[in-house]
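Trainee: First the structure, which I've put down as structure tokens, then a few questions once you've had a look.
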Amino acid sequence: MERVYNFSAGPAMLPEAVLEEAARELVNYKGTGMSVMEMSHRSSSYDQIHQDTQDLLRELMNIPDHYEILFLQGGASTQFAMVPLNLMTQHGKADYILTGNWAKKAYDEAVRYGDVAIAASSKDANFTYIPNMAEVTFRDEIDYVHICSNNTIYGTRFRPDNLPQTGDVPLVADMSSNILSEVYDVNDFGLIYAGAQKNMGPAGLTVVIIDKALIQEPQPSTPTMLTYKTHADKNSLYNTPPTYTIYMTKLVLEWLKDLGGVEAMAKINQEKADLLYDFIDQSDFYRSAVTAKDDRSLMNIPFLTPNADLDAQFVKEAAINGLHTLKGHRNVGGLRASIYNAMPIEGVQALVNFMDTFEKNHR
Ligand code: PMP
């Protein structure tokens, strides 16, 4: 069987060249006589992988030296607690912007650890847009502002030119579903976190990019493993890191670098998103709930056919045609195409071709 185009929201498609390289090195990594999976995390071979992965990420995202790059576990969901535990320490206050399900989950968790307020929300229109950040104000004496930069379920994203204006207050972003997909200036953020399983590698690794000035004593009773300082002091080797996922991430980052880096990737991503959205917009059969065109995600594109029965039929027929995992999230229904960095434009073209045929057969 051939490989399919996999539109999963995550874990998601990886570049085929990366999988092939991993396969070549699977049993005997560079003459070490063992797999990276079997290697001590204290060995020099692994240490090189660890360092190279950090260096590549720093280069690709242009991360200044005063930021630490941490390799953690527990997914982005663990960061929903780690962020308030470590950052809500001076004033005990933070402001959150609610633009979808994951932003809400982050907010719900933070409420447990301090005085948390909602500075802006797009719930009034079922999260189909991003509020205009020029109009959003924040409370005095807050420790940070939190956003989810790309809303995986609703298919919206904060454009790099529509970030909250927080002044000296650190901006924290959950970038799980659009890290490395377009250029954001790391200097605009105090902390960025992202699960690897969409744009960086397999599941199991959570990347945290944190301004060193924010690595302080956490709230009392914070577990050692949930303290940024623990991991920063030991270069993310306090305990066993997810070594194989980090290795895979290194291969993905090398692939991205060879392709020209984030700026080049962003151009391709824009082309892919335009291809799909242009088709949806010209059709009177398919429709997009994301009417705020400037806020549309380049990574997750939800859309609908005229009814739920046809949505289900679409998912079934698409899979037969090698186009997999197109069912929308259970919260919103419909369909969703996740087209992360590793999805080639040919995959999006194949989807558009199929959509055209499906429309002709079912209208
Ligand atoms: N934040 C966002 C934006 C996500 O898309 C997801 C997963 N879909 C999460 C957080 C949760 O990530 P994890 O499963 O790594 O905890």
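The values are calculated or read from the model by the stated rules, or taken from the named source; none is laboratory data. The structure presented is a predicted model; accordingly, all values stated were derived computationally and were not measured. All Cβ positions, glycine included, derive from the backbone under ideal geometry; neighbour counts span all protein chains shown. These area figures cover heavy atoms from the full protein model, side chains too; ligands, DNA and RNA do not enter into them. Shrake-Rupley method; radii C 1.70, N 1.55, O 1.52, S 1.80 Å.
Trainee: Determine the alpha carbon to alpha carbon distance for each of 30/316; 30/212; 229/327; 105/250 and list only those over 32 Å.
Mentor: Among 30/316; 30/212; 229/327; 105/250, the Cα-Cα distance tops 32 Å for 30/316; 30/212; 229/327.
Trainee: So, with +1 on the Cβ of K and R and -1 on the Cβ of D and E, and no other charges, what is the size of the charge dipole of region 1-106 about its Cα centre, to the nearest 20 debye?
Mentor: 520 debye
Trainee: With each run of n ≥ 4 DSSP H residues scored as -39500 (n - 2.57), what mean residue ellipticity at 222 nm is computed for the chain after dividing by its residue count and rounding to the nearest 500 deg cm²/dmol?
Mentor: -11000 deg cm²/dmol
Trainee: Testing the spin-label approximation: label points 7 Å from Cα along Cα→Cβ at residue 316 and residue 239. State their distance in nm.
Mentor: Label-label distance for residue 316 and residue 239, simple model: 4.6 nm.
Trainee: Using a basic spin-label model with each label point 7 Å from the Cα along Cα→Cβ, how many nm lie between residue 307 and residue 41?
Mentor: About 5.4 nm separates the two model spin labels.
Trainee: Could you list which residues have their amide H under 5 Å from that of residue 337, counting only those 5 or more apart in sequence or on another chain, with H placed in the peptide plane?
Mentor: Here the answer is 301, 303, since their amide H atoms fall under 5 Å of that of residue 337.
Trainee: Still on this model: What is the local net charge at residue 146, summed over the other residues whose Cβ is closer than 15 Å to its Cβ (Lys, Arg +1; Asp, Glu -1)?
Mentor: Taking every other residue near residue 146 into account, the sum is -3.
Trainee: Run the reach check for residue 234 against aspartates and glutamates, Cα to Cα strictly under 18 Å, same-chain hits fewer than 8 apart removed. What comes back?
Mentor: 47, 52, 55, 65, 68, 211, 217
Trainee: Considering only protein heavy atoms and a probe of 1.4 Å, how much of the accessible area of region 14-141 is carbon and sulfur, as a whole percent?
Mentor: That share works out to 46 percent.
Trainee: Restricting to Cα pairs below 8 Å that are 6+ residues apart, what does the relative contact order work out to for the chain? Please round to a whole percent.
Mentor: Reported as a whole number, the value is 23 percent.
Trainee: When only Cα pairs under 8 Å and 6 or more residues apart are kept, what is the percent relative contact order across region 154-254?
Mentor: 21 percent
Trainee: Sticking with this one: Considering only DSSP beta bridges where both residues belong to the chain, give the percentage that are antiparallel (nearest 5).
Mentor: Just about 55 percent of them are antiparallel.
Trainee: Then there is this: If you take the charge dipole of the chain about its Cα centre, with +1 on Lys and Arg Cβ and -1 on Asp and Glu Cβ, which of 222, 153, 310 is farthest toward its positive end?
Mentor: Of the candidates, 310 comes out farthest on the positive side.
Trainee: How would 346, 317 rank on accessible area, largest to smallest, probe 1.4 Å?
Mentor: Per-residue accessible area, sorted high to low, gives 346, 317.
Trainee: Could you compute the net charge surrounding residue 214? Neighbours are other residues with a C-beta less than 11 Å from the C-beta of residue 214; K and R count +1, D and E count -1.
Mentor: Local net charge: -1.
Trainee: Let me ask you something else. Percent of accessible area on region 322-363 owned by carbon and sulfur, 1.4 Å probe?
Mentor: In region 322-363, the share of accessible area belonging to carbon and sulfur is 47 percent.
Trainee: How large is ³J(HN,Hα) for each residue in region 108-117, as worked out from phi by the Karplus curve 6.51 cos²θ - 1.76 cosθ + 1.60 (θ = phi - 60°), to whole Hz, x for Gly and Pro?
Mentor: 4, 6, 5, 3, 5, 10, x, 8, 10, 10
Trainee: Further, regarding this structure: Using a cut-off of 21 Å between alpha-carbon atoms, which lysines can reach residue 104, once sequence neighbours fewer than 8 places away in the same chain are excluded?
Mentor: List returned: 93, 123, 198.
Trainee: For region 83-183, what does the relative contact order come out to in percent, with C-alpha contacts under 8 Å and a separation of six or more?
Mentor: After rounding, I find 30 percent.
Trainee: Let me ask another. In terms of modelled amide H atoms, which long-range or inter-chain residues lie less than 5 Å from the amide H of residue 118?
Mentor: Result for residue 118 returns 96.
Trainee: Sum up the charges of everything whose Cβ sits under 10 Å from the Cβ of residue 301, counting Lys and Arg as +1 and Asp and Glu as -1, but leave residue 301 out.
Mentor: Computed value for this residue: +3.
Trainee: Sticking with this one: With a bin width of 10 angstrom, please list the P(r) values of the chain as percents of all Cα-Cα pairs, from the 0 bin to the one holding the largest distance.
Mentor: 5, 24, 31, 25, 12, 3, 0
Trainee: Answer rounded, prolate or oblate for region 106-265, using the Cα gyration tensor with square roots of eigenvalues a ≥ b ≥ c: rounded when a/c is under 1.5, else prolate when a/b is larger than b/c, else oblate.
Mentor: oblate
Trainee: Separate question: Quickly rank 235-242, 336-343, 147-154 as a protection proxy: mean count of other C-beta atoms within 10 Å, highest first.
Mentor: Ranking, from highest mean packing down: 147-154, 336-343, 235-242.
Trainee: If you take the square roots of the eigenvalues of the alpha-carbon gyration tensor of region 68-191 and sort them as a ≥ b ≥ c, do you get rounded (a/c under 1.5), prolate (a/b over b/c) or oblate?
Mentor: Rounded shape, in that the Cα axes give a/c under 1.5.
Trainee: Further question on the same structure: Residues of the chain: accessible area per residue at 1.4 Å, in Å²?
Mentor: Heavy-atom SASA per residue in the chain reads 43 Å².
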